[in-house]
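Encoded as structure tokens, the structure appears first; notes follow it.
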Amino acid sequence: MRVLVSGGAGYIGPHTVLALLAAGHEAVIVDDLSNSKASVLNRLESLSGQHIPMHSIDLTDRDKTDQIFAETAFDAVIHFAGFKAVGESVEKPLEYYENNLDSTLSIVRAMRRHDVTKLVFSSSATVYGPRAPLPYSEEWWPLEATNPYGWTKVMNEQVLRDVAPTIPGLKVALLRYFNPIGSHPSGQIGEDPNGIPNNLLPFIAQVAVGRREKLMIFGDDYDTPDGTCLRDYIHVEDLALGHLAALEHLDSMKEPVRAFNLGTGQGVSVFEVLRAFEKAVGRALPYEVAPRRAGDLAESYADPTRAEQELGWKATKSIDDMCADAWRWQRENPMGYPAG
Ligand code: UFG
């Protein structure tokens, strides 16, 4: 298949591009580089030994989006592009709703116009909201969120559930990611956040490499075994293979839209992640326990049964693998990708 990968220069996108190419598919990246660097492309091309076309456009621009579909015949779209920082979304809700909804609308409009009938959408475990019972099951309803970023995922899912049945042949997989961490085992591709990282793993990695003084652990008084929050961390390489499995499954899907959790099913605490990272680095890392972060849930982990049964996909990598790979990437690229 020839696959348009929106947001293909970001974090999960490039890992998925490599998985697609390794499986014999073609990938065309569309990324406005607002939160990524063009130099990822050289790395992808040298790792894969293939030329990968990239278009740097804003997907909220309907005409430019349509033009890309007019120039190239795609079989499928994997739509990663979007703003993703929870805190920033509270400061700039209008920008989040505009960017994250308009890009999906313009992609689906172009897909309808150009008869592209396979879509894999990046959703998030955040759509389960604060009331869903654990482990999170795709059957849970109603979906809700606690911040504008999360609502853009809930709303995009709803748009796709409404629109898909009206477009003949369209099949959509909604992939609800848990906490993706780790990086490509080559150390060449990884997570490169702008500014101060919001998420746990890039923050720990930057402490380990000397870019930050110490980790702040947001709360050790939760009702969990060691008092810190539990999350379902999943290796980005496993996640990339989940996209491939979903893409290849779309044709045999009975309904137009189906959601799949991509997680391991295991809750791991902040202290456990810190210890696994320290093991990878080979030394203790400085930390301090700080107050709870607003909006954090004590626990979040998937019921991954549906993805295993229907997609034939299961996460296989351990938290030690995730931290070893994340550390290799950070050690070899202390400041992330080269500029340009
Ligand atoms: N944490 C710290 N210190 C930090 C950063 C995080 O202690 O510097 C803690 C958090 O309090 C939380 C855990 O580490 O307990 C994980 O936090 P992350 O920010 O890495 O991940 P979240 O689970 O909060 O958020 C992730 C995604 C969001 C998504 C959310 C729910 O980043 O996009 O899962 O699915 F919305």
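So in the range 119-152, with the set limited to residues that are crowded, with 18+ Cβ neighbours inside 10 Å and among the β-branched types (V, I, T), which one is nearest to A27 (Cα to Cα)?
My answer is V120.
Would you please name the residue that is nearest to the ligand (Cβ to nearest atom), looking only at residues in the range 185-198 that are closer than 20 Å to G8 by Cβ and open to solvent by 50 Å² or more (accessible area, probe 1.4 Å)?
Looking at the filtered set, the residue picked out is N194.
Quick one: in the range 218-240, of everything that is among the β-branched types (V, I, T) and surrounded by 22 or more Cβ atoms within 10 Å (Cβ to Cβ), which residue is nearest to the ligand (Cβ to nearest atom)?
T228
Please enumerate the residues belonging to the range 147-197 that are at pLDDT below 95 and polar (S, T, N, Q).
Passing the criteria: only N194.
Which members of the range 53-73 meet the condition of being touching a residue at least 40 places away in the same chain (Cβ under 8 Å) and under 20 Å from H15 (Cα atoms)?
M54
Go through the range 76-116 residue by residue and tally those that are under 21 Å from V5 (Cβ atoms) and open to solvent by 50 Å² or more (accessible area, probe 1.4 Å).
The total comes to 9.
Among (1) more than 16 Å from the ligand (Cβ to nearest atom); (2) out of contact with any helix residue (DSSP H, G or I) (no Cβ under 8 Å at 6 or more places or on another chain), where does L134 come up short?
The number of the failed condition is (1).
Considering only residues of the range 296-322 that are under 24 Å from V207 (Cα atoms) and not aliphatic (A, V, I, L, M), which is surrounded by the fewest Cβ atoms within 10 Å (Cβ to Cβ)?
Within the range 296-322, the match that is surrounded by the fewest Cβ atoms within 10 Å (Cβ to Cβ) is D320.
For the range 137-163, which positions are within 11 Å of the ligand (Cβ to nearest atom) and either farther than 24 Å from A294 by Cα or small (G, A, S) (or both)?
If the condition is that a residue be within 11 Å of the ligand (Cβ to nearest atom) and either farther than 24 Å from A294 by Cα or small (G, A, S) (or both), then A145, G150 are the ones that fit.
May I ask you to list the residues in the range 250-280 that are more than 20 Å from Y301 (Cα to Cα), open to solvent by 30 Å² or more (accessible area, probe 1.4 Å) and either among the hydrophobic types (A, V, I, L, M, F, W, C) or touching a residue at least 24 places away in the same chain (Cβ under 8 Å) (or both)?
D251, P256, K279, A280
Being more than 18 Å from the chain's Cα centre (by Cα) and open to solvent by less than 60 Å² (accessible area, probe 1.4 Å) is the filter; apply it to the range 164-179 and report the residue that is farthest from the ligand (Cβ to nearest atom).
G169
The values are calculated or read from the model by the stated rules, or taken from the named source; none is laboratory data. Everything quoted here is computed from the prediction, not taken from an experiment. When we count neighbours, we look across all protein chains shown, and the Cβ atoms used for this are built from the backbone with ideal geometry, even at glycine. For the accessible areas, the whole protein counts, side chains as well, though only heavy atoms, and no ligand, DNA or RNA atoms are used. Shrake-Rupley method; radii C 1.70, N 1.55, O 1.52, S 1.80 Å.
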